[in-house]
Each structure stands twice: as structure tokens, then as C-alpha cells.
Amino acid sequence: MKIGFIGCGNMGGALIKAAAKSLDAGDIYVYDRCSEKAAALENAVGVISSAEEKVITDTKYIFLGVKPQVLGKAIAEIKDTLKDRKERFVVVSMAAGVKISTITSLFGFDLPVIRIMPNTPVSVGEGMILYDFNSLVSDDEKEDFLKILSGAGKLDYLPEHLIDAGCALSGCGPAFVDLFAEALSDAGVKCGLPRDKALLYAAQTLLGASKLIIETKTHPAVLKDAVCSPGGSTIAGVHSLEANGFRGDVIDAVCAAFEKTKELG
């Protein structure tokens, strides 16, 4: 099973690294206008840096790793070759905000399309990938798709009308978490910790707290209450966060990302 990537920026590169965990890297063909990016992945992961034509003629699953602003141009360059192609293929799009119907319209003919919304932690096997597909994708192809990205983390089917909301949360969320991690480590430094230790403690705390939510299936409010001893230091910190609008700011950030995602589409 050969797969191809057109575009290997931050998100495309992260997915390539994830796919290389479940497939032979030699079966992954990568094209990018910036040949240095593809070459770097070839050196780092063992994938094949190739011409765009080889990606669209020799692979079964074609991942479009381009931004929504240039998706139309990218499709225009490959649609005629794909329309004439005899072998079956599936297009996988990760363009934020762009619906499957829009992708089909840009191609100008019916074709199997899977729409995904990944996030950057897929590169270390702890990502979140939301996906939907049109009726032309077969059950076997759905299974292949899940196998290809099995090393990426968690994959969850989500009806397309909800994917933009999911994008705002899990797609944009890593940046918000990174800001929080940086702020936590800055606070540790202010309190006297060395920078490397403060960053380690912040990152591991976020990792552990997240794992606790997932594995125990306990609501985060319950877990938060369990740490807040009466008159203790944790509740003092929680009070400070609430007084400064922490939760409201987080909600506003996700909603702002949601509106921008819809705008991109």
C-alpha cells in the first residue's frame, strides 16, 4: 500500500512521521514545492522524496497537506491527471474549514474523499485526528486509512458539520496548551526553579493530568476538587485564575478559532 503527500509543512510533516510508524517508509512518497523540506524528511524518516506526478500516479491514498488558501491552486495542478487515472485512489484533505463538497467541486468530478483534522502531537503518537468521508469511500479504504494513521494517536469519526468546532478545539488547542505550559514554567522560574526543571515539571504535569482524565473517565472538575484542600495552596491558585478570567479567556480563544476556521472555508 503506497501513500503520497503533496505538501509537507508542519502538519503534513507530522502526519508523515506518524504514517511511517505503521507503514514501510519506502512506501511513502512526498512532494513539496520546497524540495529541501521533502529531502529533510527523506533523511530523517526514510520516506521517498519524489516528483508531484509520481505522487498522484503511483499512490493509492493522496494526502493534500496544503493550506486552505492554496488548496484550489494545488488541486488545479493535479485534477486532470487524476481524472484520467485508471487505478482507484482516495484523496485525504487536511485543509481547515474546507468541506468535502468543496473539494469535489474543485476537482470537477466525483471521487472518494476523506476529510481529516489532525493536530501536531500526531508526530509523537499522541495526536487527535477527527475525520469524515463521502459515500464513495469503501469500507476497506476506511480500514486502510485507520491503519495508515494508527501510529498517530487517537482517531475519532465526527460528522462533517462538527469538524470545524473540533478543529478549533483539538487542532488549535496545542498552541493554547503550549502557551499555558510556557506560563507555568515562567511561574516556576519566578519562584526560583531553574528553567529546564520548570519546563519539565510543567510539561509532565500537563501530560499526567490529561492521562488521568482519559484513563479514569473522571470529570476534570472532580479531579480539580480532589487537589483543592480546604485553605490550601491549590485553591488559592484556582481563585487567582478565576479572578483573572482564565476559563472565560480559554472559551473565547476556542470560539475565536472556530469563527476563523469557518471563514477559511
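The values are calculated or read from the model by the stated rules, or taken from the named source; none is laboratory data. What you see is a predicted model, and the numbers here were worked out from it, not measured in a lab. Cβ coordinates were reconstructed from backbone atoms using ideal geometry, including for glycine residues, and neighbour counts include every protein chain displayed.
Here are a few things to note about the model shown:
- Taking the criterion of being touching a residue at least 60 places away in the same chain (Cβ under 8 Å) and either touching a Leu at 6+ places or on another chain (Cβ under 9 Å) or more than 22 Å from Gly166 (Cα to Cα) (or both), the residues of the stretch 97-113 that qualify are Gly97, Val98, Thr102.
- Residue check for Ser185: of a type in the set (S, T, N, Q), in contact with a strand residue (DSSP E or B) (Cβ under 7 Å, 6 or more places away or on another chain) and surrounded by 11 or more Cβ atoms within 10 Å (Cβ to Cβ): no
- Yes/no for Phe89 being touching a helix residue (DSSP H, G or I) at 6+ places or on another chain (Cβ under 6 Å), over 26 Å from Phe258 (Cβ atoms) and assigned by TED's automatic domain parsing to the domain that holds Gly26: no
- Count of residues meeting criterion [assigned to a loop (DSSP other than H, G, I, E, B), touching a strand residue (DSSP E or B) at 6+ places or on another chain (Cβ under 9 Å) and without any contact (Cβ under 8 Å) to a residue 40 or more places away in the chain] in the stretch 114-137: 3
- For the stretch 170-202, the set of residues classified as part of a helix (DSSP H, G or I) and under 30 Å from Tyr157 (Cβ atoms) consists of Ser170, Gly171, Gly173, Pro174, Ala175, Phe176, Val177, Asp178, Leu179, Phe180, Ala181, listed by residue number.
- Residue count for the stretch 159-182 satisfying the condition of being within 19 Å of Thr120 (Cβ to Cβ) and without any contact (Cβ under 8 Å) to a residue 40 or more places away in the chain: 7.
- Every listed requirement among (1) under 19 Å from Leu111 (Cβ atoms); (2) buried (at least 16 other Cβ atoms within 10 Å of the Cβ) is met by Met1 save one, (2).
- Arg33 satisfies every condition listed in (1) of a type outside the set (Ser, Thr, Tyr); (2) crowded, with 24+ Cβ neighbours inside 10 Å; (3) farther than 22 Å from Glu87 by Cβ except (2).
- Check on Ala76, closer than 23 Å to Ile148 by Cα and either in contact with a Cys (Cβ under 9 Å, 6 or more places away or on another chain) or outside any loop (DSSP other than H, G, I, E, B) (or both): no
- Residue within the stretch 80-94 that is in a strand (DSSP E or B) and either in contact (Cβ under 8 Å) with a residue 60 or more places away in the chain or charged (D, E, K, R) (or both) present: no
- Candidates Ala203, Ala236, Ala209, filtered to the one that is farther than 30 Å from Asp164 by Cβ, modelled with pLDDT of 95 or more and out of contact with any strand residue (DSSP E or B) (no Cβ under 8 Å at 6 or more places or on another chain): Ala236
- Qualifying helices (runs of 4 or more DSSP H) (wholly inside the stretch 1-67; at least 1 residues being in contact (Cβ under 8 Å) with a residue 40 or more places away in the chain and assigned by TED's automatic domain parsing to the domain that holds Leu155): 10-19, 52-58
- Being surrounded by 13 or more Cβ atoms within 10 Å (Cβ to Cβ), farther than 30 Å from Pro68 by Cα and aliphatic (A, V, I, L, M) holds for only one residue in Val238, Val250, and it is Val238.
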